[in-house]
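Chemist: Mind having a look at this structure? Questions to follow.
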């Protein structure tokens with residue numbers, strides 16, 4: 001029921017590592033794995049309630065390519081998504097109430113184009129149009145809840161702003177965006193705000209960064225349990241997450257990254273930490 | 001480490017099954033429960049009481065030895081199968097005992113009334129209400145012996161106010177002659193005012209035939225004078241067993257999701273119907289909300305699934321499967337089925 005949220009987060013992480021617009025012919029590519037396990041969730045009122053332990057594991061490919069110096073193409077392809085739930089065992093009798101269940105498929109693919117906008121002073125300024133392709137399954141598994149996609153074609157338009165700065169001799173960067181996600185299928189539209197800062201250490205071999213991401217629904221969708229006809233959905237999701245990442249250059253133009261994120265607040269999302277790792281190529 | 005090695009690790013990890021189990025805290029104290037909520041029985045009615053033993057996870061367990069006990073065998077006899085014979089009017093306590101799997105002695109009790117098929121009019125009331133004016137004794141001076149005479153009277157000494165259809169009853173007469181002596185009258189005539197309601201034979205044996213009100217009159221002739229006595233009787237349809245037919249309560253949330261309202265579980269005709277009141281409200285934010293009946297409010301594993309919730313505000317009802325009894329389940333559960341989230345519950349009865 002939180003799939004859309006997860007996809008957005010993963011995409012965000014991959015995208016943020018890509019830094020600024022790529023020059024023509026240059027690219028950033030990342031093969032990654034992402035995992036979340038949660039036995040509780042934030043309810044629609046913001047409380048935290050338990051649930052059967054659910055997990056999501058995603059293997060993905062991310063690419064950010066400079067079509068020109070002013071236009072970049074971006075794609076995120078979750079080519080393997082595993083949505084699973086732990087077996088439910090009676091503490092009293094040891095009886096298995098529910099077996100372990102899972103569903104595997106490709107997830108929703110994101111395609112985006114980023115275009116340069118005239119810099120404002122020392123700020124890098126760009127726009128991104130992101131399209132969410134419904135390549136995943138929004139009804140999956142034995143009861144339909146093991147989704148690997150949300151089944152709706154969404155379009156997100158965002159404005160990106162980035163700047164480099166120094167604290168003493170240490171150089172940092174700051175990047176952020178504000179986005180509007182136009183969701184179809186009765187889902188509420190969303191506002192996205194994102195901020196990230198980072199710095200390079202060890203002769204630029206290690207990148208350390210932290211980020212905040214807030215997704216706020218506009219509550220203008222119509223989809224709820226009274227009209228979903230039994231479909232499993234997650235509408236009006238809200239999340240405010242804190243994350244961090246290390247990216248280590250192991251070669252001239254490649255390296256590995258490790259990231260973790262935790263929800264600070266949310267509605268209709270899992271309350272659990274997610275962890276990811278990846279192999280990136282940057283040239 | 002080479003990039004190829006890392007790629008292999010990533011691909012390998014993608015296909016590893018992420019294993020684990022959730023342990024469900026599903027213990028509930030075992031109970032034995034009398035599932036026939038009788039409130040009254042009529043004398044002579046054969047009835048079988050039933051009880052179920054629910055184990056440590058709230059699962060009904062057949063084949064457990066039930067031991068029945070009557071608080072007063074003079075009023076009610078019960079055999080090992082729960083078959084009872086109500087013998088006398090009164091209030092009785094029925095107890096069923098069972099030994100649980102853990103070796104504990106468990107019991108359940110039910111109190112109910114045993115009613116008679118007839119309702120007698122107390123004799124003192126007869127005397128007060130039916131006291132008739134009698135002529136003062138007369139002195140007979142014509143004979144050589146001085147005697148005092150009184151007006152002969154005829155009464156039913158065991159009058160009744162009510163009788164159940166199908167029941168029989170024998171009236172007893174009290175006749176006092178002119179000398180004030182209680183003797184048997186020479187002959188009497190018994191009559192019913194409505195032979196469709198009551199019939200009575202020449203010996204005063206009454207049979208209740210159908211519901212209604214009728215009178216029985218007994219008469220005799222003394223010295224060419226007809227004297228009679230009348231008993232007005234209400235005949236009622238038989239209610240041999242009275243039972244609880246409904247429970248009401250409150251549905252409440254046990255989560256952070258909205259769920260509230262009143263409910264009634266009631267036998268209506270041949271159907272058992274669960275009705276949610278007009279004050280019922282449930283969150284529409286949670287997908288896959290289902291309603292269940294269960295004897296364990298910690299899990300739906302032993303529960304009867306009534307189906308997905310499709311009404312989220314206002315009165316509505318569920319017609320339960322015909323095999324479900326009023327006391328078969330103790331809880332109503334609201335559960336998010338896909339994610340195994342308990343949303344709320346209601347206790348049907350204690």
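Chemist: In the stretch B:38-58, which residue that is part of a loop (DSSP other than H, G, I, E, B) and at pLDDT below 90 is nearest to the other protein chains (Cβ to nearest Cβ)?
Modeler: Filtering first and then ranking leaves B:46.
Chemist: Do we find that residue A:141 is within 14 Å of another protein chain (Cβ to nearest Cβ), at positive phi and surrounded by fewer than 19 Cβ atoms within 10 Å (Cβ to Cβ) in this structure?
Modeler: It is false that residue A:141 is within 14 Å of another protein chain (Cβ to nearest Cβ), at positive phi and surrounded by fewer than 19 Cβ atoms within 10 Å (Cβ to Cβ).
Chemist: Looking only at the stretch B:325-350, how many residues end up being closer than 27 Å to residue B:287 by Cβ and either within 12 Å of chain A (Cβ to nearest Cβ) or surrounded by 15 or more Cβ atoms within 10 Å (Cβ to Cβ) (or both)?
Modeler: Number satisfying all stated conditions: 18.
Chemist: Out of the residues in the stretch A:259-283 that are within 11 Å of another protein chain (Cβ to nearest Cβ) and either closer than 17 Å to residue B:338 by Cβ or outside any strand (DSSP E or B) (or both), which is farthest from the chain's Cα centre (by Cα)?
Modeler: Ranking the qualifying residues of the stretch A:259-283, first place goes to A:268.
Chemist: Out of the residues in the stretch A:82-116 that are without any contact (Cβ under 8 Å) to a residue 24 or more places away in the chain and either in a loop (DSSP other than H, G, I, E, B) or under 26 Å from the mean Cα position of the chain (by Cα) (or both), state the one that is nearest to residue A:64 (Cα to Cα).
Modeler: A:100
So that you can scan it fast, the table gives a plain yes or no per residue for (1) more than 21 Å from residue A:128 (Cα to Cα); (2) surrounded by 14 or more Cβ atoms within 10 Å (Cβ to Cβ):
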{"site": "A:185", "(1), (2)": "yes, yes"}
{"site": "A:192", "(1), (2)": "no, yes"}
{"site": "A:201", "(1), (2)": "yes, no"}
{"site": "A:206", "(1), (2)": "yes, yes"}
{"site": "A:234", "(1), (2)": "yes, yes"}
{"site": "A:238", "(1), (2)": "yes, yes"}
{"site": "A:243", "(1), (2)": "yes, yes"}
{"site": "A:246", "(1), (2)": "yes, yes"}
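Chemist: Looking at the structure I just gave you, is residue A:76 assigned to a strand (DSSP E or B), modelled with pLDDT of 90 or more and farther than 17 Å from residue A:276 by Cα?
Modeler: no
Chemist: What single numbered condition from (1) within 16 Å of the chain's Cα centre (by Cα); (2) modelled with pLDDT under 95; (3) over 17 Å from residue A:60 (Cα atoms) fails to hold for residue A:244?
Modeler: Single failed check for residue A:244: (2).
Chemist: Now, a different point. If you go through the stretch B:257-284 one residue at a time, how many are crowded, with 20+ Cβ neighbours inside 10 Å and within 12 Å of another protein chain (Cβ to nearest Cβ)?
Modeler: Within the stretch B:257-284, residues that are crowded, with 20+ Cβ neighbours inside 10 Å and within 12 Å of another protein chain (Cβ to nearest Cβ) number 5.
Chemist: When you check residue B:229 against the structure, is it assigned to a strand (DSSP E or B), within 14 Å of another protein chain (Cβ to nearest Cβ) and surrounded by 15 or more Cβ atoms within 10 Å (Cβ to Cβ), yes or no?
Modeler: No.
Chemist: Give the residues of the stretch B:299-324 that are within 12 Å of chain A (Cβ to nearest Cβ) and either in a loop (DSSP other than H, G, I, E, B) or over 31 Å from the mean Cα position of the chain (by Cα) (or both), sorted by residue number.
Modeler: B:299, B:300, B:301, B:302, B:303, B:308, B:309, B:310, B:311, B:312, B:313, B:314, listed by residue number.
Chemist: For residue B:203, are the conditions met, namely being over 15 Å from residue B:165 (Cα atoms) and outside any strand (DSSP E or B)?
Modeler: Judged against the criteria, residue B:203 is a match.
Chemist: Answer yes or no as to whether residue A:149 is surrounded by 15 or more Cβ atoms within 10 Å (Cβ to Cβ), part of a loop (DSSP other than H, G, I, E, B) and under 18 Å from the mean Cα position of the chain (by Cα).
Modeler: Considered against the rule, which asks whether it is surrounded by 15 or more Cβ atoms within 10 Å (Cβ to Cβ), part of a loop (DSSP other than H, G, I, E, B) and under 18 Å from the mean Cα position of the chain (by Cα), residue A:149 comes out as yes.
Chemist: Restricting to the stretch B:285-295, count the residues that are away from chain A (no Cβ under 13 Å) and over 22 Å from residue B:26 (Cβ atoms).
Modeler: The qualifying residues number 0.
Chemist: Return the total of residues in the stretch A:60-81 being surrounded by fewer than 22 Cβ atoms within 10 Å (Cβ to Cβ) and within 12 Å of chain B (Cβ to nearest Cβ).
Modeler: Number satisfying all stated conditions: 3.
Chemist: Take the stretch B:177-201 and flag every residue that is at pLDDT 90 or above and more than 28 Å from residue B:45 (Cα to Cα).
Modeler: B:188, B:189, B:190, B:191, B:193
Chemist: If you don't mind, another one. What is the one condition in (1) on the phi < 0 side of the Ramachandran plot; (2) surrounded by fewer than 21 Cβ atoms within 10 Å (Cβ to Cβ); (3) out of contact with any strand residue (DSSP E or B) (no Cβ under 6 Å at 6 or more places or on another chain) that residue B:307 does not satisfy?
Modeler: (1)
Chemist: Regarding residue A:222, is this residue out of contact with any strand residue (DSSP E or B) (no Cβ under 8 Å at 6 or more places or on another chain) and under 28 Å from residue A:270 (Cβ atoms)?
Modeler: yes
The values are calculated or read from the model by the stated rules, or taken from the named source; none is laboratory data. On a predicted model such as this, the values are computed, not experimentally measured, just so you know. Because the Cβ atoms are built from the backbone with ideal geometry, glycine has one as well, and the counts that use them run over all protein chains shown.
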